[in-house]
Amino acid sequence: MTPIHRTNEDRVTGDGYKPPMLPLSGYVDIIKEVARKYSLPVLDLYAESGIYPDIEVSKDAYTVDGLHPNDKG
């Protein structure tokens, strides 16, 4: 399962407290690559959830804080 979109997902340091690694899309690509390698199904919430916290209406409707889904999310 891939993660859903989050606020600041394109920043490699995320919230600023972690060492630089990859943007969230990079981790999504790795999850899909490993799943393909082992012939595993992937629930791609990153592509299919429709939750985009950087869009204020979506953030307010589907998340409590730009990351964690609420009851509707």
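The residue that is farthest from Glu9 (Cα to Cα), among those in segment 28-46 that are among the aliphatic types (A, V, I, L, M) and surrounded by 13 or more Cβ atoms within 10 Å (Cβ to Cβ), is Ala35. The set of residues from segment 5-46 being among the hydrophobic types (A, V, I, L, M, F, W, C), under 9 Å from the mean Cα position of the chain (by Cα) and at pLDDT 90 or above comprises Val28, Leu45. Residue count for segment 49-72 under the criterion of being under 13 Å from the mean Cα position of the chain (by Cα) and free of Cβ contacts under 8 Å to residues at least 24 places away in the same chain: the result is 3.
Filter segment 28-52 for residues that are closer than 18 Å to Pro69 by Cβ and in a helix (DSSP H, G or I) and give the result. So that I can check it myself, show each step before the final result.
Of segment 28-52, the ones closer than 18 Å to Pro69 by Cβ are 28, 43-52.
Across segment 28-52, the qualifying residues are Val28, Leu45, Tyr46, Ala47, Glu48.
Name the residue that is surrounded by the fewest Cβ atoms within 10 Å (Cβ to Cβ), counting only residues in segment 53-70 that are aliphatic (A, V, I, L, M) and part of a helix (DSSP H, G or I). Checking each candidate, the answer is Val57.
What do you reckon, is Gly73 touching a strand residue (DSSP E or B) at 6+ places or on another chain (Cβ under 6 Å) and part of a loop (DSSP other than H, G, I, E, B)? Talk me through it step by step, then tell me what you get.
On the way: touching a strand residue (DSSP E or B) at 6+ places or on another chain (Cβ under 6 Å): yes; part of a loop (DSSP other than H, G, I, E, B): yes.
Judged against the criteria, Gly73 is a match.
The values are calculated or read from the model by the stated rules, or taken from the named source; none is laboratory data. What you are looking at is a predicted structure, and each value in this text was computed from that prediction instead of being measured. A quick note on method: Cβ atoms are made from the backbone with ideal geometry, for glycine too, and the neighbour counts reach across all protein chains shown.
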